[in-house]
1. Only one of I251, I282 is in contact (Cβ under 8 Å) with a residue 40 or more places away in the chain, surrounded by 20 or more Cβ atoms within 10 Å (Cβ to Cβ) and under 27 Å from G227 (Cβ atoms); which?
2. Report the residue count in the range 173-201 for those that are in a loop (DSSP other than H, G, I, E, B) and surrounded by 15 or more Cβ atoms within 10 Å (Cβ to Cβ).
3. Can you list the strands (runs of 3 or more DSSP E) found entirely within the range 273-323 that contain at least 1 residues being modelled with pLDDT of 95 or more?
4. Could we say that Y225 is within 20 Å of S307 (Cβ to Cβ) and either at pLDDT below 95 or crowded, with 16+ Cβ neighbours inside 10 Å (or both) here?
5. Within the range 304-319, can you find the residues that are buried (at least 21 other Cβ atoms within 10 Å of the Cβ) and free of Cβ contacts under 8 Å to residues at least 40 places away in the same chain?
6. If we scan the range 112-124, do we find a residue that is assigned to a loop (DSSP other than H, G, I, E, B), surrounded by 14 or more Cβ atoms within 10 Å (Cβ to Cβ) and more than 13 Å from the chain's Cα centre (by Cα)?
7. State all residues of the range 125-139 that are surrounded by fewer than 18 Cβ atoms within 10 Å (Cβ to Cβ) and among the aliphatic types (A, V, I, L, M); if no residue qualifies, say none.
8. Residues that are β-branched (V, I, T) and touching a Gly at 6+ places or on another chain (Cβ under 8 Å): does the range 141-150 have at least one?
Amino acid sequence: MNKILIVFFLLAFFVVSGKPQTYSSEDLQKTNAELNKLYQEKKYADALPLAVKAVEISEQVFGNNHLEIAKALRNLGRIQFFLKAQQSAEIVFEKALSIYKKLENLSQTDGADFAEMVEYLAFIKYQNQKLVDAESLFELALKWFEKTHGANSFKTANSLYVLGNLHYWKEMYKISAQYYKRLFEVVFNNSHNKDISLMMVYYRAKCSYRKAGMEDDFEVIKKQYEGLKEKPSENNAQSEAETKAENLGVINGRALLLQTPSYPSEARQARAGGTVRVEIVIDETGKVVCACAENKAHKALIKSTESAAYRSRFSPTLKDGKPVMVTGTVVYKFVL
């Protein structure tokens, strides 16, 4: 339905019969004011025709490759994104990106908006498994977030998180570890922001460092994380609770859905089998947010078991009546 609405509005504004209407910069200001009001109220469907109109006005008033056109396209793509019209948003964002790349000396505000748009586009690419494009876009977004907000800003967190994941699954563990290290520092220093769990980041960093053979380097992060137990503060109250999270031991029997890992032909041919233990972190909803198989297992079995663990679900663990994050171990057995 959303895609039909978008096509309708595009036709309504861009297929013009007779003499086209002449606009001015004042018309653009008025349209943007109405658009921003609806956007702030999250009335995205109502804002959509105004966003399309703003693009039309900006193109007429400013010509090609102007910042105002890029901003109008960014606003349109953002509304399409929230209306879940991802394909339309991708096209519009890419058009805006091509204009932004030709501009120089963006202000801090415009640079920050550009970084946000690039990250939206990166997420679309990531969801569509266009991982090479997604990686380069997340790197670009990270660069601009650092430039406009600073390297320690929480604005960098999402890009750092995805880049850490992408390099982990490519088995580039040293690079993954560095992204997770930076993410840990950002989340640690912005503990008032609860969007990303410090505990999840800690265990993902721990896994990357271990697989990269950099356990000694990880000690710095470990001391910082465990130090929350010794010097709790109001700002770090949630993080401190996470460091004291209960370890449930082997939890195969607690699973609501325990996915069975595939037995890769690569492992069979190498006659690799036996038991693989996967350390996991389960969030408050029962979702697995970190899975790390022991290093001694065959590489193909590690990937298979970690993938299965991530797709498994568990009952939320309650403490004093409230759901909490916990750790545990899932054990998989491969019989030759």
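The values are calculated or read from the model by the stated rules, or taken from the named source; none is laboratory data. As the structure is a computational prediction, the values presented were derived from the model and not from experiment. For neighbour counting, all protein chains shown are included, and Cβ atoms are generated from backbone atoms with ideal geometry for every residue, glycine included.
1. Just one listed residue meets the conditions, I282.
2. Qualifying residue count for the region: 4.
3. 274-282, 288-293
4. no
5. E306
6. Here is the first cut: in the range 112-124, the ones assigned to a loop (DSSP other than H, G, I, E, B) are none.
Looking for residues that are assigned to a loop (DSSP other than H, G, I, E, B), surrounded by 14 or more Cβ atoms within 10 Å (Cβ to Cβ) and more than 13 Å from the chain's Cα centre (by Cα), one finds none in the range 112-124, hence no.
7. Scanning the range 125-139 gives L131, V132.
8. yes
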